[in-house]
Every structure is written in structure tokens, then in C-alpha cells.
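K.L.:
The structure is given below, and queries will be raised subsequently.
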Amino acid sequence: MTNEVERRKALVAEQATDLERWSRRESFAPQWAHRASLAAQMVPAYSSVLDIGAGAMDLEKVLPSGCRYQPCDLVSRDDRTIVCDLNKGEFPQGAQADTVTMLGVLEYIREPLEVLRKVRALDRPLVCSYSITDRRPDLDRGAQGWINNFDFTSLQRLMKQAGFVLQHRQTIDNLQDIFKWLPDDVSRPDSKPTAPKKVLVLSYYNDPNFGDRLGYHLINSLVPAEAVVTHASIRPWTVPDEHFDLFILGIGNSLNAATVARPELHRLVETIPHTLGIFGTQYRDQYQQLIDPKLLPSLLGNLTTWWARYEEDINAFGAGRSNVCHLGDILISAFPNTIPTLDKTLVIPADIRSKEVPLDRIIQQIQSYRRVSSARIHPMLCALTSAEEVAYQEQKEDPNQKTSGKFRSQLYDIFGRSFAEDKYFTVDRDAVIRYKTMVEANMVDLRAQIVRLLS
């Protein structure tokens, strides 16, 4: 073995390829099969693989279903093998693959950057192993026949120069790691990783009613994937004492007067850099009679934007404000236009609570009836996308038995008119479609603003 080590070190000094070693089958260690199995986990099924440095071709045996395998090595391993010596500048030109693998190869390359740039030109992911010097700083790398020496930091730097970005890293054993590198977008400017932006959403999401439960899911779909979202409830107040980059007040439902009167709400709006209001109003006299009439105008004035649910919300409290947009009722985006299957009437009472019933089942049930009468606005909104005839009963939860005004505002928003309470009317399907289209376009604008405020 001493002579073999000396022979390897001599080739390393010359930075030459060890053709003799890699021509012998006994040079392939059995434990390298484990490395191949880990590499196979990073290859998609039904794809093609270019295996540079195929060796014993352990990878082919463990690839996912339907994969096509192309070996490449210093010497022919079978009649499919593309033979080339990377240290002589040779490369498997013209080879097509969805993934390139280099297992136990990179350590033996004289000009790794040059080789990696050729791999990058294929514009495909690279799965490769490497024994970084961080693993065994005292290891005699020359005795292994290894020509280059990279720690993890310098390996990342090398890969970045070649045009790759790290997607995944996994330990193979105490000597090696396996990496999956993706082609970097060369048009993307260099940027340091930043901490995820934090978003606080404050609402009545914990209430068992249909609209608040559904709003929770819809608001999540508006927040970019990289943001960290904290949902806090108003009743009880569960806002954590920590920093947030964006505050979203409401999830498309009504913001009542008692909430507007809370001092801690106003402190949040004044403290967090940006606040978006996504809510409507109800029992509108209460904002003037039950609380300080200056509180709602003050709250609205401090919002970055109020995305008001209904046009009548804006008429009542947003007229003349430059930070107000008409959003529409975003919950309609959860209801597809469909055709009822039951020639029956469904009556939805005011005291309905749907906490124990899955939302999809509620929507399916409402949309199956040809006629629907509802005392809740969001089951009513759902019915408008399917029923032929609908009726409503205004909510009267005010101490003085005044109506909430929500049904009138909803119907006016959709149809440009109100309808008499407790009387069935025919649904104008074209008007509903126009409204859904408007709301969905406004949701695109809202999401774009959220992304801008977090960028």
C-alpha cells in the first residue's frame, strides 16, 4: 500500500489523471453505493441523468422509476459510456440530461472551475459529492489522490463563480457531503440573505362563524411565501409583544366599534411600519354614538391603505381619503360559479355556527340548493354564485335593534341596487361574474402591494 500511496502522491504533484487506478474494478469501494443512493434521492423520476465519473455505475441501480441513465468516465464501463478525461479539457459535449451527477469526481479535477462552467452550460442541476477540508483537516489528501482542497466556504465560492447556487446539502459519512446545486439566475443581482419579513394579521379568525373561518384562509393566500405570518385574535387580545414589518388589520370581514375603541389597536398602527386595513363596517351609527367619533377617522388616517369591503363603507367613512381602495368582498373568490342540483329551499338562520363542519362541505351544501334564504352575509354571498333565487334577513344584533346594513351594502356592491328584505329575487348571474372578476383583479393589486411593502 505504501507504494500505491507514493504513486498517487506523484500523480497529484503532476496534477495528472490516475488512469491506472480507475481502470481497475477493485478501486471502487462498496460503501460508495450508499453515496449513490443519497444522490438518487435528488433526481426526479422519469428524467435523464448524465453520470460523470460513473465508476461501478452504482447510481443506475438506485435511480427513481423511469429514469434514463448515461454513463461518462475515463474508461468505458459498457457500450453506452462516453469516454473522456476532464483533466485534458475533454467533456461529454452534446450529452442531454435533466440532471448531471459527479460522485467522487471533483476532488480529482485539476481545473475545477473550468469543468464546472462546462457543466453549468448544460443549464441543469448538478448533484455532486465532495470531501471538504472541514471534515478531516488532518487528512493526507495527497494519499487519497486528491488534487484540490476546498473547505465549505471556498467550495460555495467556487460554485458561485461557476454559476450555481446551493439547494441542498447532506452528510454522507465523516469524510464526505453530497450537494445539490441549481443553475443560478445570472441576471439576478448579488444579494445577501435577509431575515424573513414578519406579518401580523389581527382579526376575529377564532370566531366560529363561516365568514371569519374562510377569511383566515384567503388572507394567507395573499401573503408571499417567504413571509412569516402570525395570526392574532381580537377577542381575546392575543397580539405578541414583538417586532413586525407589516400589520394586516382584518381578513375581509367587519371591524366593529368596540374594536376601533381599543387603545392597543391604535398603538399597533402607530408602531408597525406599514398597516393595511382589509375590512368593512357595520351598524355604522355605533362608530359615532357608542365610541369617540374621532377614533375611526384617526384609525383610517393612519393606515397605509384601507382596502374597504364595500362602496358604501367608503361613502360612509372614506370619502376624500387618498389611502382608500374599494376591494370588494374577497370571500367571493372562494366560491365557484356553479349550477344547483337540488330543487329545494335552504334556510340559513342567524344563529348558525359552523365550527365543527369543514368549510368545503358548507360551500358544497349551500351551492346545491336552487333557492336560499340567509340571515348571514357570507353564506348569502356563496349562494349568489349558484342559486337561482335568494332572500335575506338583515342582522339585528344592535342593542337598539337597528340593522347591520351589511346585506344592503353587499347587494349594492354586486348588483348596483338593494332588494327588499325577506323577499326572493332572481340572481343576475352576469352581475355576479362581473363582481367576481373585479374582486379578483383587486386582490392581485392588494397582493402586489403586500409584496412591495415587504421588499
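K.L.:
Can you tell me how much longer the chain between Q364 and E111 gets when fully stretched, taken as 0.36 nm per residue apart minus their C-alpha distance, in nm with one decimal?
P.N.:
Net length gain for the segment: 84.8 nm.
K.L.:
Would you mind finding the longest exposed-site-free stretch of the chain, with exposed GluC sites (Glu not before Pro) meaning DSSP loop and at most 11 other Cβ atoms within 10 Å? Write down the numbers at each step before the final one.
P.N.:
Values: sites that count: E226, E242, E356.
The longest such stretch corresponds to 1-225.
K.L.:
How do 36-45, 216-225 rank on mean C-beta neighbours within 10 Å, highest first? Numbers along the way, then the final one.
P.N.:
Details: 36-45: 17.5, 216-225: 15.8.
The densest-packed peptide leads the list: 36-45, 216-225.
K.L.:
Mind jotting down the distance between the C-alpha centroids of region 91-106 and region 223-240, whole Å?
P.N.:
Taking the Cα centre of region 91-106 as reference, the centre of region 223-240 is 46 Å away.
K.L.:
If you don't mind, there's one more thing I want to ask. How high is the FRET efficiency from D428 to A350, r the C-beta distance, R0 25 Å, rounded to 0.05? Don't skip to the answer; put the middle values down first.
P.N.:
Details: r = 25 Å, r/R0 = 1.01.
So, using R0 = 25 Å, E works out to roughly 0.50.
K.L.:
Would you report the distance distribution of C-alpha pairs in region 1-88 as whole percents per 10 angstrom bin, up to the bin with the largest distance?
P.N.:
16, 40, 31, 11, 2
K.L.:
Now, a different point. Could you pull the accessible area for T133 with a 1.4 Å probe, rounded to 10 Å²?
P.N.:
Number for this one is 40 Å².
K.L.:
Now, a different point. Based on Cα coordinates alone, diagonalise the gyration tensor for region 146-282, multiply each eigenvalue by 5, take square roots, and list the semi-axes in whole Å, largest first. Can you show the working numbers first?
P.N.:
Working: eigenvalues 419, 48, 40 Å².
After scaling each eigenvalue by five and taking roots: 46, 16, 14 Å.
K.L.:
In nm², what is the average projected area of the convex hull enclosing the Cα atoms of region 304-455?
P.N.:
Details: hull surface 42.4 nm².
Projected over every direction and averaged, the Cα hull of region 304-455 covers 10.6 nm².
K.L.:
Separate question: Quick check: Cα centre of region 4-44 to Cα centre of region 354-393, how many Å?
P.N.:
67
K.L.:
Using the Karplus equation 6.51 cos²θ - 1.76 cosθ + 1.60 (θ = phi - 60°), what ³J(HN,Hα) coupling, rounded to whole Hz, does each residue of region 412-426 give in order, writing x for Gly and Pro?
P.N.:
5, 4, 8, 9, x, 6, 9, 10, 5, 5, 6, 10, 5, 9, 7
K.L.:
As a test question: what accessible area, to the nearest 10 Å², does R262 have when a 1.4 Å probe is rolled over all protein chains in place?
P.N.:
Estimated to the nearest 10 Å², R262 gives 70 Å².
K.L.:
Take the Cα radius of gyration of region 326-366 and divide it by 2.2 N^0.38 Å, with N its residue count; two decimals is plenty.
P.N.:
On the way: Rg = 12.4 Å, N = 41, 2.2 N^0.38 = 9.0 Å.
Relative to the rule-of-thumb radius for its length, region 326-366 sits at 1.38.
K.L.:
Take the residue pairs K197/K294; K118/K198; K61/K118; K294/K406; K344/K406; K118/K197 and return only those whose Cα atoms are more than 30 Å apart.
P.N.:
Values: K197/K294 32 Å; K118/K198 40 Å; K61/K118 26 Å; K294/K406 22 Å; K344/K406 26 Å; K118/K197 37 Å.
Over 30 Å apart, Cα to Cα: K197/K294; K118/K198; K118/K197.
K.L.:
Tell me the relative contact order for the chain as a rounded percent, counting alpha carbon contacts under 8 Å between residues six or more apart.
P.N.:
Working: 814 pairs, mean separation 42.1, N = 455.
Reported as a whole number, the value is 9 percent.
K.L.:
On to the next question. At 0.36 nm per residue, and after removing the present C-alpha to C-alpha distance, how many nm does the segment from H217 to A56 gain when stretched out fully?
P.N.:
Working: separation 161, 0.36 × 161 = 57.96 nm, distance 5.11 nm.
Full-extension gain reported as 52.8 nm.
K.L.:
Another question about this same structure. Which value in nm describes the separation of the simple spin-label points at W237 and A95, placed 7 Å from the Cα toward the beta carbon?
P.N.:
Taking the two extended label points, one gets 6.5 nm.
K.L.:
V432: accessible area at probe 1.4 Å, nearest 10 Å²?
P.N.:
0
K.L.:
Rounded to the nearest 5, what % of DSSP beta bridges with both residues in the chain are antiparallel? Kindly include the intermediate steps, with their values, before the conclusion.
P.N.:
Details: 14 of 58 bridges.
Of all bridge pairs located within the chain, approximately 25 percent are antiparallel.
K.L.:
Evaluated at 25 °C with a viscosity of 0.890 mPa s, what Stokes-Einstein diffusion coefficient in µm²/s does region 1-151 have when Rh comes from the Kirkwood expression over alpha-carbon pairs?
P.N.:
Numbers: Rh = 16.0 Å.
Answer, rounded: 153 µm²/s.
K.L.:
Can you give the direction-averaged projected area of the convex hull of the alpha-carbon atoms in region 80-222, in nm²?
P.N.:
Values: hull surface 56.9 nm².
Seen from a random direction, the Cα hull of region 80-222 projects 14.2 nm² on average.
K.L.:
If I model a spin label as a point 7 Å beyond the Cα along the Cα-Cβ vector, how far apart are those points for L139 and D78 in nm?
P.N.:
Those two pseudo-labels are separated by 3.0 nm.
K.L.:
Can you give the Rg/Rh ratio of the chain, where Rg is from the C-alpha atoms and Rh is the Kirkwood radius?
P.N.:
Rg/Rh for the chain comes to 1.19.
K.L.:
Using the alpha-carbon centroid of each, what span in Å lies between region 288-339 and region 147-162?
P.N.:
Cα centres, region 288-339 to region 147-162: 54 Å.
K.L.:
Restricting things to Cα coordinates, could you compute the convex hull volume per residue of region 107-178 in Å³? Please list the in-between numbers first.
P.N.:
Working: hull volume 5.8 nm³, N = 72.
That works out to 81 Å³ per residue.
K.L.:
Something else: If I compute solvent accessible area with a 1.4 Å probe over the protein chains, what percent of it on region 74-166 is carbon and sulfur? Spell out each step's value before the answer.
P.N.:
Values: 1840 of 4170 Å².
Carbon and sulfur: 44 percent of the exposed surface of region 74-166.
K.L.:
Something else: Quick check: pseudo-label points 7 Å beyond the Cα along Cα→Cβ at A448 and K160, how many nm apart are they?
P.N.:
In this crude label model, A448 to K160 measures out at 3.3 nm.
K.L.:
Right, here's the next one. If you average the sequence gap of Cα pairs under 8 Å that are 6 or more apart and divide by the length of region 307-455, what percent do you get for the contact order?
P.N.:
Working: 228 pairs, mean separation 33.0, N = 149.
Value for region 307-455: 22 percent.
The values are calculated or read from the model by the stated rules, or taken from the named source; none is laboratory data. What you see is a predicted model, and the numbers here were worked out from it, not measured in a lab. Positions of Cβ are backbone-derived with ideal geometry, glycine not excepted, and every protein chain shown enters the neighbour counts. Only protein heavy atoms, including side chains, enter the accessible area calculation; ligands, DNA and RNA are left aside. Shrake-Rupley method; radii C 1.70, N 1.55, O 1.52, S 1.80 Å.
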